[in-house]
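The values are calculated or read from the model by the stated rules, or taken from the named source; none is laboratory data. Everything numeric in this text was worked out from a predicted model, so none of it was measured. Quick reminder, even Gly has a Cβ in these numbers, built from the backbone with ideal geometry, and neighbours come from all protein chains shown. Keep in mind that these areas ignore ligands, DNA and RNA; they rest on the heavy atoms of the full protein, side chains included. Shrake-Rupley method; radii C 1.70, N 1.55, O 1.52, S 1.80 Å.
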Amino acid sequence: MTTPAASPANLTETLLHLIQNGQATAALEQIDPLLAQQPNHPGLLTLKAEALRFSGRGREAIDVYRRAGAVGGGARNWLVAGHLLVAERRIDEALVVLHYAIAEDPGNEEILNTLVTTLFNAQRARDGLLFARRLIGLSQNPTYLANAALLLQSNELYEEASDVFKRFISNTSEPATLGAALVPARFTCEWDWIESLQNKLSAYYGRGEFDRTHEFPLTHITWCTDEAFNLEVTRAYADRMLPRPQPLHTAVRQAGDEGRIRIGYLSSDFCNHATMHLMAGLLESHDRTRYEIFAYDSSPNDGSHYRRRFLDSVEHHVDITTLNDAGAAARIAADGLDILFDLKGHTGWGRLGVMAYRPAPLQAAYLGFPGSTGTEFIDYLVGDRIVTPESSAMYYTEKLCRLPHTYQCNDDKRALAGKPGSRTTHGLPEHAVVFCAFNQSYKIDRGSFSVWMRVLQAVPGSVLWLLAQGAAAERNLGQQAQAAGIAPERLIFAPFAAPEQHLARLQLADAALDALVCNGHTTTSDMLWAGIPVVTARGRHFASRVSESLLRAMDLHELVGQDGDDMVRIAARIGVDEAYRRSLREELTRRRRGAPLFDTRRFARNFESAVSMMVRRSRSGLPPTHLDVPDVLEGFTPDTLAY
């Protein structure tokens, strides 16, 4: 008597049970003979793809999922293939299969969300607008809606994105949407809404619940100056978002080892970006007899002047755009670096996940993110005595390596401001005092704006020249000015401009007013390079201390107020005292070529001394420690110093 053959339904159930219970290899042994008889059976192909995926053979699974989708296996096969391709950073292939998926199931929220997040992360947000808006129209899922709203924000549709959050955020008890909601909100300058979100976030932080709100570290530091909160929010984000792989075994070169020190830089900003506006000169000034420079690059190839300078200034250029974090880390480890710098931190399209694998024996954070990375795999953070004073060390997971003068590199080869044209061509009054504040709108908080309005009140007829960043911000700032007794017409908005054009037009201003919670960073050094004095006040965390650091590196201490009141006093004097204003501009122009801030070669030697100090400790088997780097002009030879 023969045993009846299992029904197709029972067989499928049995094979799925094997796959999902750790016996995927055993399932494959049964599936392959069946596929030999029916090679295009969609159900069997789906089962084989699942078995391969569950057995850790994801790359093989991709092709089988695609075969299953092609023979009618359903949209889910295309979707899973898309997820696996994204994990491999094969983005173009992923988008092809995801488009097949949505064509088969146009209303599938999971597929739409995957398209939105894939295009967002690939810096192709404009291609995702249709999918984001379709998802917003269909979904009630707060996570999906938040992802769609953030894609709108990436297209500079800040008010539309913020309105999406307003639709659902008061009706959900999910705190993880609060952090995402704050991102586009900050760009709109709608402070009642913004502060309601910040108050909710603060309530969680006051209870020590840093892991619930999913706030982005970069957004957080634009409104919160509490360094303890800064660290915990960032640490929670890092714990949630970054992998915890087994570290790679990278050898430390021994003390006395001959050969140049090998420095690696990791970034996605080696293009027309603020990072390269600052760093181009440093990269070109490295002493090639002592240092060998590697760049690990996931930047867009924008063909810009800055891109060409970057490519010309590094000895070893490695494109890691198509490598996942593990693959990029393995590639970096093969180069046997002494030290690897991450230049992005927790900013858009950073690759801290690569650093998590520890591809270099010594790892440091520099320039991109003004605060701690909140990780255990970054050994040092490069700062200075202003942005990272000794009192702040407890709020960093890294050891501090503090440069003399300022942490910020600058490029003295940037074109000095050219011909700006007349004030009239830029919509400015010819004879009024022009203050400017060219930080992006997300940095403008109620307190800073209040200080600026008090300056306008103290200087009759003066105007404030701002960066145009959407109708919502312009409308809301105009209303806030009116409420402060300032005619909205005294706010004049300028469009974005190419770097050289922007530097030229800055000369038309009389002085710049700083944002006080998150200062101008590149914005401040742009102003000073163009010969425009910047008025700021002392801050309480890295992001609010940057302008003071830059001004002190120009020996312009008198432009740093103790607080907002003092800032009003300083700015008002500039505005009403024409002789002082003129002498200040002349003094700034005189110092521009001799001050440490814009002495690129001097900065490069100091930066290299910092590298040598860190590497010397590493090669000697000593753990990282806090380091202060003396100025090379003081006859320094790089011995290890600690505070």
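At-a-glance table
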read-out	value
Sorted peptide list for 139-150, 401-412, criterion being average Cβ within 10 angstrom, highest first	401-412, 139-150
Mean Cβ count within 10 Å, highest first, over the residues of peptides 11-23, 48-60	48-60, 11-23
Percent RCO, i.e. relative contact order, over region 114-231, from Cα pairs under 8 Å lying at least 6 residues apart	19 percent
Whole-Å distance, taken between Cα centres, linking region 555-616 and region 331-398	26 Å
Three-way shape call for region 360-483 based on the alpha-carbon gyration tensor, with the a/c threshold at 1.5	prolate
Percent accessible area from carbon and sulfur atoms, the chain, protein chains only, probe 1.4 Å	50 percent
Inter-centroid distance (Cα atoms) of region 268-286 relative to region 95-116, Å	38 Å
Rounded tilt (10° steps) of 91-104 against the dominant C-alpha axis of the chain	60 degrees
At q = 0.16, 0.21 Å⁻¹, base-10 log of I(q)/I(0) for region 357-420 (Debye sum, equal scatterers on each alpha carbon)	-0.59, -0.84
Lysines with Cα under 30 Å of K200, excluding same-chain neighbours fewer than 8 positions away	K166, K344, K443
Solvent exposure of region 447-589 as accessible area per residue, Å², 1.4 Å probe	34 Å²
Kirkwood Rh, Cα atoms: Rg over Rh of region 272-411	0.94
Degrees between helix 8-20 axis and first principal axis of the chain (Cα, 0 to 90, nearest 10)	40 degrees
1.4 Å probe accessible area per residue over region 4-80, in Å²	53 Å²
Length-normalised contact order for the chain - Cα pairs under 8 Å, 6+ apart - percent	11 percent
Region 238-345, relative contact order in percent, only Cα pairs under 8 angstrom and at least six apart counted	37 percent
Ordering of 613-625, 212-224, 27-39, 346-358 by packing [mean C-beta count within 10 Å, highest first]	212-224, 346-358, 613-625, 27-39
Label point distance in nm, T321-D105, each placed 7 Å from Cα along Cα→Cβ	3.2 nm
Projected area, mean over directions - region 155-262, Cα convex hull, nm²	11.0 nm²
Additional length obtainable on full extension of the chain from R590 to A228, 0.36 nm per residue less Cα span	126.3 nm
Net charge contributed by nearby residues that have their C-beta within less than 11 Å of R309 (K/R +1, D/E -1)	+1
Rounded to 10°, Cα long-axis angle of helix 24-37 versus longest principal axis of the chain	60 degrees
Net charge of neighbours whose Cβ lies under 11 Å from the Cβ of A484, counting Lys and Arg as +1 and Asp and Glu as -1	+3
